[in-house]
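I have placed the structure first, in the form of structure tokens, so that the comments after it can refer back to it.
Coordinate-derived values only; no laboratory data. The shown structure was predicted, so the numbers you read here are calculated from the model rather than taken from an experiment. With ideal geometry, Cβ positions are generated from the backbone for all residues, glycine too; neighbour counts draw on all protein chains shown.
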Amino acid sequence: MTSEKEQILTGHKIAAASRKDAHIDLALDPATKSAGNNGFDRLRFEHCALPEIALSAIDLSVEFLGKPLAAPMMIGAMTGGTMRAEAINRALAEVAQDHKIAFAVGSQRAALELGKTASDLRIIAPDIPIIGNLGGIQLAQSGGIDLAKAAIDDLQADAIAIHLNPLQEAVQPEGEHDWRGVRDAISALVKADMAPVIVKEVGAGISASLASDLFACGVAAVDVAGFGGTNWARIEAARRMMILRLCTISGLGHPHP
Ligand SMILES: Cc1cc2nc3c(=O)[nH]c(=O)nc-3n(C[C@H](O)[C@H](O)[C@H](O)COP(=O)(O)O)c2cc1C
């Protein structure tokens with residue numbers, strides 16, 4: 001017999017898995033793209049009609065996290081944990097390995113809580129930098145540093161990315177809203193020296209002042225994930241409407257006051 005607490009925990013884990021699948025569907029919907037723009041469309045490169053260089057002499061290769069890359073490119077953190085997400089990640093790992101670019105997985109928390117491993121990604125992509133991923137709030141919770149170690153070990157990750165998503169959590173029906181202690185947890189993770197620590201946003205950007213603060217904490221890199229592409233506030237708002245509709249149809253009433 002499972003206790004009520006275990007049942008609630010299992011329900012929470014199943015809900016997290018179905019949330020990830022809903023995120024994939026909603027991210028594919030053009031209506032959830034950011035309405036604003038990040039300013040990149042105002043930039044124009046001046047065309048040089050007389051380059052005086054052989055195209056073959058242009059070398060885009062770089063070293064990142066101690067490994068050679070064919071170009072300074074990385075597949076950004078997307079998803080993990082569900083069967084569908086695992087298939088997406090295997091395909092992305094294969095592409096990254098073939099093209100010798102870096103690959104970041106999405107949050108590993110749900111998978112680790114369900115006792116799943118993503119170690120096959122390292123087998124698919126043995127030569128490229130693979131970046132693990134956890135949420136800042138989860139890192140700050142009890143056992144957060146151990147969870148980060150498990151995330152790094154599972155992938156033999158070359159770095160761990162901590163995502164900051166306060167806007168998304170604020171709109172998410174079951175979001176977590178207590179961001180106290182996240183900065184200290186990031187500092188503690190840096191001091192634990194398990195792998196380089198990257199801090200990233202999920203689509204709403206990181207300001208210059210926060211970036212300097214993070215570098216002062218010893219963070220190795222910052223991924224600003226600037227506003228203009230995927231909009232998590234829109235995605236979570238759309239998911240909230242989906243949940244409300246389901247509750248109305250099934251006569252369960254409003255799930256959150
Ligand atoms: C389906 C999907 C799932 C994502 N899951 C994660 C995640 O688990 N962890 C994370 O740090 N970022 C996650 N992201 C955010 C991306 O890494 C990226 O920061 C964000 O999409 C902003 O970039 P874009 O505007 O080019 O989409 C996810 C993005 C998508 C589209």
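On the beta carbon distance between T248 and D29, with R0 = 25 Å, the FRET formula returns roughly 0.75. Entry note, the chain: relative contact order of 17 percent, from Cα contacts under 8 Å with a spacing of 6+ residues.
Between amide H atoms placed 1.01 Å from N, distances below 5 Å from G81 occur with E86, all of them 5 or more places distant or on a separate chain. Measuring nothing but how far apart in sequence close Cα pairs (under 8 Å, 6+ apart) lie, relative to its length, region 112-257 scores a relative contact order of 20 percent. The string of couplings for region 211-226 from the Karplus curve (6.51, -1.76, 1.60, θ = phi - 60°) is 4, 5, 4, 5, 5, 5, 6, x, 5, 6, 7, 10, 10, 6, 6, x Hz, one whole number per residue in order, with x for Gly and Pro. For the chain, the square roots of the Cα gyration tensor eigenvalues, ordered a ≥ b ≥ c, give a/c of at least 1.5 with a/b greater than b/c, which places it in the prolate category. The phi-based Karplus calculation (6.51 cos²θ - 1.76 cosθ + 1.60; θ = phi - 60°) puts the 3J(HN,Hα) values of region 142-148 at 4, x, x, 5, 5, 4, 5 Hz, whole numbers, x for Gly and Pro. Once a ≥ b ≥ c are taken as the square roots of the eigenvalues of the Cα gyration tensor of region 139-257, is the result rounded (a/c under 1.5), prolate (a/b larger than b/c) or oblate (a/b not larger than b/c)? Prolate is the answer for region 139-257, as a/c is 1.5 or above and a/b outweighs b/c. All other residues whose Cβ lies under 15 angstrom from that of Q156 are scored, Lys and Arg at +1 and Asp and Glu at -1, for a net of -2. Summary: within the chain, the longest segment free of GluC sites (Glu not before Pro) located in DSSP loops with at most 16 other C-beta atoms within 10 Å is 53-173. 3J(HN,Hα) along region 69-86, derived from phi through the Karplus expression 6.51 cos²θ - 1.76 cosθ + 1.60 where θ = phi - 60°, amounts to 10, 6, 7, x, 9, 9, 7, x, 4, 9, 6, x, x, 9, 4, 5, 5, 5 Hz, with x in place of Gly and Pro.
Subtracting the Cα-Cα distance of E46 and A220 from their residue separation scaled by 0.36 nm leaves 59.4 nm.
Taking the fewest neighbouring Cβ atoms within 10 Å as the starting point, the ordered list for M83, M74 is M83, M74.
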